[in-house]
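Novice: Quick one: the structure is below, and I'll ask about it shortly.
The values are calculated or read from the model by the stated rules, or taken from the named source; none is laboratory data. All values reported here derive from a predicted model rather than from experimental measurement. Neighbour counts are summed over all protein chains in view; Cβ atoms, including those assigned to glycine, are modelled from backbone coordinates with ideal geometry.
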Amino acid sequence: MNEYLLSVLLGIVEGLTEFLPVSSTAHLRISEVLLHVPLSSGYWKMYSIVIQLGAILVLPIYFRKHIAKLISTFPEGEQKDCDYLTHPLSLVMIAFVVTAIPSFLLTKVIGKNLESLYVMGTALLIGGIVMWIIDAMKAPWEKAGPGAAGSPTQGSPIHTWRMDDIHGGQAIWIGACQILSAVFPGTSRSMSTIAAGQLVGMSRPAALEFSFFLSIPTMTVATLYTLFKSLSGKDENPIGVAAITPHQWVILAIGFVVSFIVAYGAVAWFMSYVRRRGFAPFAMYRIVLGIAVLAWAAGMIGR
């Protein structure tokens, strides 16, 4: 296949799946196998990191107004009821630290699991079932919405309707659950954080938005660290910047731009869709895909 077309296709896959709760890691891995991308090549491993950076760039741009508001109200908060530890930005960073330290210590385990279709298929399947159950449990209360006075409907298990109202316990719990997505590729960072947020009383939009905010430091640090290892020779298949040809730079640029454009559209659509419909379709998709991946890994369908 023409490498320019290949870059476009992989950029589309990355952009579509990075922020949806379906696991971009699993989709990229499957796509690379189906499209015969040489995974032993240090260049193509670096390519998958670079196009992820294109998707990451979407979030600070898409949420720039909200980010600016949070920065301008730091540390007392919009309602003047926060401090340096309880402000939403601080809680994002606390959740990030809770995720980052264990994930770094488990780097070798993560590396092994990235090569396993069985792990990805199982994580897709189990994650889909968990997401479906949690979303179905919360659906009636989501439809009811907050009370007329702005407080949650009486008896509702949902008591955090805006991301800005998240508290410390919720942030720590979400950060801990995000570790699952690092250790078990196919779990999906979005799925683990959204489902975790719903379990501790956050509405769909609040859990989704906190998931997006948390992904900014999480994905940026993880991706830049992996890229550094790839370029510095500390990876198994390193590639130096000087070794990249002009042709390869163009391929990288195409993937980066396509990933950014598609991811921006996916985030905008996803925010709107979730408010109206919930996560059930994504859960069903994960279950079907997980079964297919497990059958593929077992040789039941062609590879």
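Novice: Identify, from the list 8, 33, 58, 13, the residue that is aliphatic (A, V, I, L, M), on the phi < 0 side of the Ramachandran plot and free of Cβ contacts under 8 Å to residues at least 24 places away in the same chain.
Specialist: Exactly one residue qualifies, and that residue is 13.
Novice: Something else now. Hey, among the residues in segment 61-87 that are in a loop (DSSP other than H, G, I, E, B) and without any contact (Cβ under 8 Å) to a residue 12 or more places away in the chain, which one's surrounded by the fewest Cβ atoms within 10 Å (Cβ to Cβ)?
Specialist: The selected residue is 80.
Novice: OK, next. If the Cβ limit is 7 Å and pairs must be 6+ apart or interchain, which residue in segment 122-135 that is in contact (Cβ under 8 Å) with a residue 12 or more places away in the chain pairs with which residue that is β-branched (Val, Ile, Thr) and assigned to a helix (DSSP H, G or I)?
Specialist: Taking only residues 6 or more apart or on different chains, the pairs are 124/293; 125/287; 125/291; 128/287; 129/287.
Novice: Are there any pairs with C-beta distances below 7 angstrom linking a residue in segment 157-179 that is among the charged types (D, E, K, R) to a residue that is surrounded by fewer than 16 Cβ atoms within 10 Å (Cβ to Cβ), with the two at least 6 apart or on different chains, and if so which?
Specialist: Partner pairs satisfying both residue conditions: 164/78.
Novice: Continuing with the same structure: May I ask you to say which residue of 23, 90, 7 is surrounded by 13 or more Cβ atoms within 10 Å (Cβ to Cβ), modelled with pLDDT of 90 or more and closer than 23 Å to residue 221 by Cβ?
Specialist: The conditions single out 90.
Novice: Can you tell me which residue is nearest to residue 128 (Cα to Cα) among those in segment 243-294 that are more than 17 Å from the chain's Cα centre (by Cα) and among the charged types (D, E, K, R)?
Specialist: The selected residue is 277.
Novice: Can you name every residue in segment 138-169 that is modelled with pLDDT of 90 or more, assigned to a helix (DSSP H, G or I) and more than 18 Å from the chain's Cα centre (by Cα)?
Specialist: Across segment 138-169, the qualifying residues are 164, 165, 168, 169.
Novice: Right, something else. Could you list all residues from segment 233-265 that are modelled with pLDDT of 70 or more, loosely packed, with under 12 Cβ neighbours inside 10 Å and over 30 Å from residue 63 (Cα atoms)?
Specialist: Once the filter is applied, which keeps residues that are modelled with pLDDT of 70 or more, loosely packed, with under 12 Cβ neighbours inside 10 Å and over 30 Å from residue 63 (Cα atoms), segment 233-265 yields 243, 245, 246, 247.
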